[in-house]
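Have a look at the structure below, then the notes.
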Amino acid sequence: MPKVLIATVKPFAKAAVDQIKSVFDNAGYEYVFLEKYAGEEDLINAVQDVDAMIIRSDKVTPAVIDAAKNLKIVVRAGAGYDNVNLEAATAKGVTVMNTPGQNSNAVAELVMGMMVFQYRNHFNGTSGHELKGKTIGIHAYGNVGKNVARIAKGFGMEVAAFDPFVPKEAIEADGVKVFDKVEDMYASCDFVSLHIPANQHTIKSINHKLLSIMKDNAVLVNTARKEVIDEDDLIKIFEEKEGFQYISDIAPDNKSEIAEKFEGRFFFTPKKMGAQTAEANINAGKAAANQIIAFIEKGDATFKVN
Ligand code: 3PG
(Lines give C-alpha, C1' and ligand atoms only; values in the text may rest on other atoms or scores of the structure.)
Protein backbone atom coordinates (compact mmCIF):
# COMPACT_ATOMS: atom_id res chain seq x y z
CA MET A 1 0.00 0.00 0.00
CA PRO A 2 1.64 3.31 -1.07
CA LYS A 3 2.24 5.79 1.75
CA VAL A 4 1.80 9.55 1.32
CA LEU A 5 3.10 12.33 3.57
CA ILE A 6 1.10 15.55 3.58
CA ALA A 7 3.60 18.07 4.96
CA THR A 8 2.18 21.54 5.53
CA VAL A 9 3.81 24.03 7.86
CA LYS A 10 0.79 26.17 7.02
CA PRO A 11 -2.01 23.61 7.30
CA PHE A 12 -4.89 23.18 4.88
CA ALA A 13 -8.39 24.06 6.10
CA LYS A 14 -10.10 21.16 7.90
CA ALA A 15 -12.55 20.65 5.02
CA ALA A 16 -9.59 20.15 2.66
CA VAL A 17 -7.87 17.73 5.04
CA ASP A 18 -11.07 15.68 5.24
CA GLN A 19 -11.40 15.56 1.46
CA ILE A 20 -7.75 14.62 0.92
CA LYS A 21 -8.18 11.79 3.45
CA SER A 22 -11.27 10.59 1.63
CA VAL A 23 -9.45 10.52 -1.75
CA PHE A 24 -6.68 8.37 -0.26
CA ASP A 25 -9.12 6.19 1.74
CA ASN A 26 -11.01 5.40 -1.45
CA ALA A 27 -7.76 4.49 -3.21
CA GLY A 28 -6.62 2.33 -0.27
CA TYR A 29 -3.53 4.47 0.33
CA GLU A 30 -1.84 5.01 3.68
CA TYR A 31 -1.21 8.65 4.65
CA VAL A 32 0.22 10.78 7.42
CA PHE A 33 -0.15 14.51 8.04
CA LEU A 34 2.75 16.62 9.35
CA GLU A 35 1.39 20.08 10.14
CA LYS A 36 2.96 23.22 11.70
CA TYR A 37 6.29 21.44 12.09
CA ALA A 38 9.39 23.22 13.33
CA GLY A 39 11.91 22.72 10.52
CA GLU A 40 13.87 20.54 8.13
CA GLU A 41 14.73 17.91 10.79
CA ASP A 42 11.06 17.10 11.32
CA LEU A 43 10.52 16.76 7.60
CA ILE A 44 13.58 14.55 7.23
CA ASN A 45 12.24 12.24 9.94
CA ALA A 46 8.79 12.11 8.39
CA VAL A 47 9.84 11.28 4.81
CA GLN A 48 11.93 8.18 5.56
CA ASP A 49 9.39 5.59 4.36
CA VAL A 50 6.96 7.52 2.14
CA ASP A 51 6.33 6.97 -1.57
CA ALA A 52 4.79 10.37 -2.22
CA MET A 53 4.51 13.83 -0.71
CA ILE A 54 2.02 16.67 -0.86
CA ILE A 55 3.45 20.02 0.14
CA ARG A 56 2.62 23.73 -0.01
CA SER A 57 5.45 26.27 0.43
CA ASP A 58 7.33 23.65 2.45
CA LYS A 59 11.01 23.44 1.54
CA VAL A 60 12.02 20.22 -0.14
CA THR A 61 15.79 20.43 0.11
CA PRO A 62 18.41 17.95 -1.18
CA ALA A 63 18.65 16.60 2.40
CA VAL A 64 14.91 15.89 2.46
CA ILE A 65 15.06 14.15 -0.93
CA ASP A 66 18.08 12.16 0.17
CA ALA A 67 16.34 10.97 3.34
CA ALA A 68 13.24 9.86 1.43
CA LYS A 69 14.48 6.47 0.24
CA ASN A 70 11.17 5.35 -1.35
CA LEU A 71 10.07 8.73 -2.70
CA LYS A 72 8.69 8.71 -6.26
CA ILE A 73 6.66 11.88 -6.48
CA VAL A 74 6.28 15.29 -4.81
CA VAL A 75 3.20 17.35 -5.61
CA ARG A 76 3.23 21.00 -4.69
CA ALA A 77 -0.44 21.78 -3.95
CA GLY A 78 -0.28 25.17 -5.61
CA ALA A 79 1.43 26.99 -8.44
CA GLY A 80 4.98 28.04 -7.53
CA TYR A 81 7.53 25.28 -7.02
CA ASP A 82 10.57 27.42 -6.23
CA ASN A 83 10.59 25.73 -2.79
CA VAL A 84 11.49 22.35 -4.30
CA ASN A 85 15.06 21.54 -5.25
CA LEU A 86 14.38 20.24 -8.75
CA GLU A 87 18.00 19.23 -9.43
CA ALA A 88 18.09 16.95 -6.38
CA ALA A 89 14.68 15.49 -7.22
CA THR A 90 15.59 14.84 -10.85
CA ALA A 91 18.92 13.32 -9.89
CA LYS A 92 17.08 10.80 -7.71
CA GLY A 93 14.39 10.13 -10.32
CA VAL A 94 11.69 11.82 -8.25
CA THR A 95 8.85 13.39 -10.24
CA VAL A 96 7.78 16.88 -9.17
CA MET A 97 4.37 18.33 -10.08
CA ASN A 98 2.31 21.37 -9.24
CA THR A 99 -1.47 21.85 -9.44
CA PRO A 100 -1.81 24.84 -11.76
CA GLY A 101 -4.96 26.92 -11.53
CA GLN A 102 -6.37 25.29 -8.41
CA ASN A 103 -5.77 28.20 -6.05
CA SER A 104 -5.63 31.06 -8.54
CA ASN A 105 -9.04 32.59 -7.87
CA ALA A 106 -8.17 32.85 -4.17
CA VAL A 107 -4.97 34.74 -4.98
CA ALA A 108 -6.76 37.01 -7.46
CA GLU A 109 -9.43 37.89 -4.89
CA LEU A 110 -6.70 38.83 -2.42
CA VAL A 111 -5.13 41.12 -5.05
CA MET A 112 -8.40 43.03 -5.37
CA GLY A 113 -9.01 43.03 -1.61
CA MET A 114 -5.60 44.52 -0.90
CA MET A 115 -6.10 47.12 -3.65
CA VAL A 116 -9.40 48.29 -2.16
CA PHE A 117 -7.87 48.36 1.34
CA GLN A 118 -4.93 50.45 0.15
CA TYR A 119 -7.01 52.82 -2.01
CA ARG A 120 -9.39 53.41 0.93
CA ASN A 121 -6.48 54.43 3.19
CA HIS A 122 -6.65 51.25 5.25
CA PHE A 123 -10.23 52.15 6.21
CA ASN A 124 -8.96 54.90 8.52
CA GLY A 125 -11.95 57.19 8.02
CA THR A 126 -10.40 59.55 5.44
CA SER A 127 -11.54 59.80 1.81
CA GLY A 128 -9.73 57.41 -0.45
CA HIS A 129 -10.15 56.47 -4.10
CA GLU A 130 -12.18 54.11 -6.26
CA LEU A 131 -10.82 51.46 -8.56
CA LYS A 132 -13.35 52.22 -11.31
CA GLY A 133 -11.70 53.87 -14.30
CA LYS A 134 -8.16 53.17 -13.06
CA THR A 135 -5.72 51.04 -15.04
CA ILE A 136 -4.16 47.80 -13.91
CA GLY A 137 -1.21 46.16 -15.63
CA ILE A 138 -0.91 42.43 -15.09
CA HIS A 139 2.69 41.27 -15.21
CA ALA A 140 2.38 37.67 -16.46
CA TYR A 141 -0.95 36.42 -17.70
CA GLY A 142 -1.18 32.92 -16.20
CA ASN A 143 -4.02 31.49 -14.15
CA VAL A 144 -3.85 34.16 -11.45
CA GLY A 145 -3.37 37.01 -13.91
CA LYS A 146 -6.38 35.88 -15.92
CA ASN A 147 -8.54 35.83 -12.77
CA VAL A 148 -7.30 39.28 -11.75
CA ALA A 149 -8.30 40.56 -15.20
CA ARG A 150 -11.79 39.08 -14.87
CA ILE A 151 -12.43 40.59 -11.44
CA ALA A 152 -10.77 43.94 -12.20
CA LYS A 153 -13.10 44.35 -15.17
CA GLY A 154 -16.02 43.84 -12.79
CA PHE A 155 -14.70 46.83 -10.82
CA GLY A 156 -14.75 48.88 -14.05
CA MET A 157 -10.96 49.02 -14.34
CA GLU A 158 -9.02 49.27 -17.61
CA VAL A 159 -7.03 46.04 -17.80
CA ALA A 160 -3.71 45.49 -19.56
CA ALA A 161 -1.13 42.72 -19.48
CA PHE A 162 2.42 41.86 -20.43
CA ASP A 163 3.37 38.23 -21.02
CA PRO A 164 5.73 37.19 -23.82
CA PHE A 165 4.88 33.52 -23.20
CA VAL A 166 1.14 33.80 -23.86
CA PRO A 167 -0.16 34.40 -27.41
CA LYS A 168 -1.32 37.98 -27.81
CA GLU A 169 -4.67 36.88 -29.27
CA ALA A 170 -5.45 34.74 -26.21
CA ILE A 171 -5.02 37.76 -23.91
CA GLU A 172 -6.91 40.09 -26.23
CA ALA A 173 -9.78 37.58 -26.37
CA ASP A 174 -10.37 38.40 -22.68
CA GLY A 175 -10.74 42.09 -23.56
CA VAL A 176 -7.31 42.87 -22.11
CA LYS A 177 -4.90 45.27 -23.78
CA VAL A 178 -1.52 43.69 -24.53
CA PHE A 179 1.76 45.54 -24.09
CA ASP A 180 4.69 44.25 -26.12
CA LYS A 181 7.18 46.08 -23.92
CA VAL A 182 7.01 45.67 -20.16
CA GLU A 183 8.29 49.22 -19.66
CA ASP A 184 5.31 50.65 -21.54
CA MET A 185 2.92 48.87 -19.21
CA TYR A 186 4.71 50.05 -16.06
CA ALA A 187 4.71 53.62 -17.40
CA SER A 188 1.00 53.82 -18.04
CA CYS A 189 -0.78 51.95 -15.24
CA ASP A 190 -2.13 53.05 -11.85
CA PHE A 191 -1.60 49.51 -10.50
CA VAL A 192 0.88 46.84 -11.55
CA SER A 193 0.15 43.35 -10.25
CA LEU A 194 2.97 40.80 -10.26
CA HIS A 195 2.31 37.20 -11.25
CA ILE A 196 5.76 36.04 -12.31
CA PRO A 197 7.41 32.97 -10.76
CA ALA A 198 10.63 33.25 -8.76
CA ASN A 199 13.48 31.78 -10.79
CA GLN A 200 16.97 32.69 -11.96
CA HIS A 201 15.52 35.02 -14.62
CA THR A 202 13.09 36.88 -12.36
CA ILE A 203 14.77 37.17 -8.96
CA LYS A 204 15.34 40.90 -8.23
CA SER A 205 14.02 41.69 -11.72
CA ILE A 206 11.52 44.23 -10.36
CA ASN A 207 14.20 46.82 -9.89
CA HIS A 208 14.85 50.55 -9.94
CA LYS A 209 14.97 50.66 -13.75
CA LEU A 210 11.44 49.31 -14.01
CA LEU A 211 9.87 50.89 -10.94
CA SER A 212 11.21 54.34 -11.74
CA ILE A 213 9.08 54.42 -14.89
CA MET A 214 5.87 54.00 -12.90
CA LYS A 215 3.46 56.88 -12.35
CA ASP A 216 4.14 58.92 -9.22
CA ASN A 217 1.07 57.59 -7.40
CA ALA A 218 1.31 54.05 -8.72
CA VAL A 219 0.62 51.01 -6.57
CA LEU A 220 2.73 47.88 -6.95
CA VAL A 221 0.88 44.70 -5.93
CA ASN A 222 2.85 41.56 -5.15
CA THR A 223 1.14 38.25 -4.58
CA ALA A 224 3.95 36.41 -6.38
CA ARG A 225 7.20 36.04 -4.42
CA LYS A 226 9.17 38.58 -2.40
CA GLU A 227 12.38 37.42 -4.12
CA VAL A 228 11.35 39.00 -7.44
CA ILE A 229 11.69 42.47 -5.91
CA ASP A 230 15.01 44.24 -5.56
CA GLU A 231 14.33 45.42 -2.02
CA ASP A 232 17.10 48.06 -1.92
CA ASP A 233 15.67 49.57 -5.09
CA LEU A 234 12.20 49.44 -3.57
CA ILE A 235 13.34 51.75 -0.77
CA LYS A 236 14.87 54.14 -3.33
CA ILE A 237 11.57 54.27 -5.22
CA PHE A 238 9.63 54.98 -2.02
CA GLU A 239 12.02 57.88 -1.43
CA GLU A 240 11.97 59.22 -4.99
CA LYS A 241 8.23 58.95 -5.64
CA GLU A 242 6.27 60.36 -2.74
CA GLY A 243 3.02 58.77 -3.84
CA PHE A 244 4.40 55.30 -4.61
CA GLN A 245 2.72 52.46 -2.70
CA TYR A 246 3.58 48.79 -2.28
CA ILE A 247 1.13 46.13 -1.14
CA SER A 248 2.29 42.59 -0.82
CA ASP A 249 1.16 39.18 0.32
CA ILE A 250 4.66 38.58 1.59
CA ALA A 251 6.50 41.16 3.68
CA PRO A 252 9.91 42.13 2.30
CA ASP A 253 13.00 41.47 4.41
CA ASN A 254 13.37 45.23 4.96
CA LYS A 255 9.80 45.69 6.18
CA SER A 256 10.79 47.47 9.41
CA GLU A 257 12.66 50.15 7.45
CA ILE A 258 9.62 50.61 5.19
CA ALA A 259 7.27 50.73 8.19
CA GLU A 260 9.45 53.32 9.91
CA LYS A 261 9.81 55.64 6.90
CA PHE A 262 6.73 55.27 4.71
CA GLU A 263 3.66 55.12 6.89
CA GLY A 264 0.37 54.48 5.09
CA ARG A 265 2.06 53.67 1.79
CA PHE A 266 2.34 49.92 2.22
CA PHE A 267 0.48 46.87 3.41
CA PHE A 268 1.93 43.43 4.09
CA THR A 269 -0.05 40.37 5.12
CA PRO A 270 1.37 38.90 8.35
CA LYS A 271 1.51 35.45 6.69
CA LYS A 272 1.20 34.45 3.05
CA MET A 273 -2.58 34.57 2.61
CA GLY A 274 -3.14 34.33 -1.16
CA ALA A 275 -4.14 30.68 -1.24
CA GLN A 276 -5.61 30.58 2.26
CA THR A 277 -9.23 29.84 1.49
CA ALA A 278 -11.07 26.61 2.16
CA GLU A 279 -11.98 26.47 -1.54
CA ALA A 280 -8.38 26.82 -2.74
CA ASN A 281 -7.16 24.31 -0.14
CA ILE A 282 -9.79 21.80 -1.22
CA ASN A 283 -9.12 22.32 -4.94
CA ALA A 284 -5.32 22.16 -4.70
CA GLY A 285 -5.23 19.45 -2.01
CA LYS A 286 -7.63 17.12 -3.83
CA ALA A 287 -5.91 17.73 -7.17
CA ALA A 288 -2.56 16.86 -5.58
CA ALA A 289 -3.96 13.64 -4.08
CA ASN A 290 -5.56 12.61 -7.38
CA GLN A 291 -2.36 13.40 -9.31
CA ILE A 292 -0.37 11.16 -6.96
CA ILE A 293 -2.80 8.26 -7.44
CA ALA A 294 -2.88 8.74 -11.24
CA PHE A 295 0.92 8.80 -11.33
CA ILE A 296 1.42 5.73 -9.15
CA GLU A 297 -1.38 3.68 -10.74
CA LYS A 298 -1.04 4.73 -14.40
CA GLY A 299 2.21 6.66 -14.75
CA ASP A 300 0.22 9.80 -15.60
CA ALA A 301 2.81 12.60 -15.50
CA THR A 302 0.54 15.53 -16.37
CA PHE A 303 1.80 18.71 -14.63
CA LYS A 304 5.31 17.29 -14.18
CA VAL A 305 7.72 20.22 -13.88
CA ASN A 306 11.12 18.47 -13.83
C1 3PG B 1 1.30 29.19 -4.82
O2 3PG B 1 2.43 29.23 -5.35
O3 3PG B 1 0.46 28.33 -5.16
C4 3PG B 1 0.91 30.21 -3.80
O5 3PG B 1 1.96 31.07 -3.53
C6 3PG B 1 0.33 29.63 -2.54
O7 3PG B 1 1.28 29.13 -1.64
P8 3PG B 1 0.85 28.40 -0.28
O9 3PG B 1 0.21 27.10 -0.64
O10 3PG B 1 2.10 28.23 0.49
O11 3PG B 1 -0.13 29.28 0.44
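The values are calculated or read from the model by the stated rules, or taken from the named source; none is laboratory data. Worth saying up front: this structure is predicted, and the values here are computed from it rather than measured. Every residue, glycine as well, gets a Cβ built from its backbone with ideal geometry; the counts of neighbours run over all protein chains shown. Remember, those area values only see protein heavy atoms, side chains included, never the ligands or the DNA or RNA. Shrake-Rupley method; radii C 1.70, N 1.55, O 1.52, S 1.80 Å.
In terms of solvent-accessible area of protein heavy atoms at a 1.4 angstrom probe, what is the ranking of Glu30, Glu231, Glu41, highest value first?
Ranked from most to least accessible, the order is Glu41, Glu30, Glu231.
Using the Kirkwood radius built from alpha carbon pairs, what does the Stokes-Einstein equation give as D for segment 6-147 at 10 °C and 1.306 mPa s, in µm² per second?
D, rounded to a whole number, is 90 µm²/s.
Which links in Lys146/Lys215; Lys241/Lys271; Lys236/Lys272; Lys241/Lys261 stretch past 21 Å when you go from one Cα to the other?
Going by Cα-Cα distance, Lys146/Lys215; Lys241/Lys271; Lys236/Lys272 fall outside the 21 Å limit.
Pop out the Kirkwood hydrodynamic radius of segment 219-278 from its pairwise C-alpha distances, inverse of mean 1/r, in Å to one decimal.
Across segment 219-278, the inverse of the average 1/r is 11.9 Å.
What is the dipole size for segment 29-178, taken about its Cα centre, with +1 at each Lys and Arg Cβ and -1 at each Asp and Glu Cβ, in debye to the nearest 20?
Roughly 620 debye, rounded to the nearest 20.
Please compute the alpha carbon radius of gyration of segment 250-306, then divide it by the globular-protein estimate 2.2 N^0.38 Å. Two decimals is fine.
Cα-based Rg divided by the globular estimate yields 1.85.
Going by amide H atoms built from the backbone, whose H comes under 5 Å of the H on Val305, apart from near neighbours?
Amide H neighbours of Val305, under 5 Å, 5+ apart: Val96, Met97, Asn98.
Under a straight-distance cross-link criterion of Cα-Cα below 14 Å, which aspartates and glutamates are reachable from Lys168, leaving out those fewer than 8 residues away in the same chain?
Excluding near neighbours in sequence, the set is Asp180.
Suppose the chain between Lys209 and Tyr37 were pulled fully straight at 0.36 nm per residue; how much longer would it get relative to their current alpha carbon spacing?
Going from the current span to full extension adds 57.9 nm.
Show me the helices of the chain, taken as full DSSP H stretches, that run 27 Å or more along their long axis by Cα and average -1.0 or above in Kyte-Doolittle hydropathy.
278-298
What FRET efficiency do you get for Arg150 and Asn254 if R0 is 41 Å and r is their Cβ-Cβ distance, rounded to the nearest 0.05?
My answer for the efficiency is 0.80.
Could you work out what % of the accessible surface of segment 104-268 is carbon and sulfur, using a 1.4 angstrom probe and leaving DNA, RNA and ligands out of the count?
It is 50 percent, rounded to a whole number.
Express in whole angstrom the spacing between the alpha-carbon centres of segment 1-78 and segment 130-158.
35
Quick one: accessible area per residue over the chain, 1.4 Å probe, rounded to a whole number of Å²?
With the other protein chains kept in place, the chain gives 46 Å² per residue.
Can you send over the solvent-accessible area of Arg76, 1.4 Å probe, protein chains only, in Å² to the nearest 10?
10
Cα to Cα, under 24 Å, and not fewer than 8 places away if on the same chain: which lysines meet these conditions relative to Lys69?
Lys3, Lys21, Lys36, Lys59, Lys92, Lys298, Lys304
Kindly provide the helix-only [θ] at 222 nm of the chain, computed as the sum of -39,500 (n - 2.57) over DSSP H runs of four or more divided by all residues, to the nearest 500 deg cm²/dmol?
Working: 12 runs with 116 residues, N = 306.
It lands at -11000 deg cm²/dmol.
Keeping all protein chains in place and using 1.4 angstrom, which order do Leu234, Leu110 fall into by accessible surface area, from largest down?
Order by accessible area, largest first: Leu110, Leu234.
So if I place +1 on the C-beta of Lys and Arg and -1 on the C-beta of Asp and Glu, and nothing else carries charge, what would the dipole magnitude of the chain be about its Cα centre? I want it in debye, nearest 20.
My answer is approximately 560 debye.
If the label point is 7 Å along Cα→Cβ of Asn217, which residues in segment 232-274 have backbone nitrogen under 20 Å from it?
237-248, 262-267
About the Cα centre of segment 104-268, how large is the charge dipole given +1 on each Lys and Arg Cβ and -1 on each Asp and Glu Cβ? Please answer in debye to the nearest 20.
Dipole size: approximately 400 debye.
If you count only protein heavy atoms and use a 1.4 Å probe, how large is the accessible surface of Met114, to the nearest 10 Å²?
About 10 Å², ignoring ligands and nucleic acids.
In nm, to one decimal, how far is the modelled label at Lys168 from the one at Asn26, with both set 7 Å along Cα→Cβ?
Between Lys168 and Asn26, the label points sit 4.5 nm apart.
Rounded to the nearest 5, what is the percent of antiparallel bridges among the DSSP beta bridges in the chain? Please list the in-between numbers first.
On the way: 1 of 43 bridges.
Counting only bridges with both partners in the chain, antiparallel ones make up about 0 percent.
Anyone know which of Ala288, Ala46, Ala63 comes out most mobile in the 10 Å Cα GNM of the chain?
Of Ala288, Ala46, Ala63, the most mobile in the Gaussian network model is Ala63.
Could you work out how far apart the two model spin labels at Glu279 and Lys14 are, taking each label as a point 7 Å from the Cα in the direction of the beta carbon, and quote it in nm?
That separation, rounded to one decimal, is 2.1 nm.
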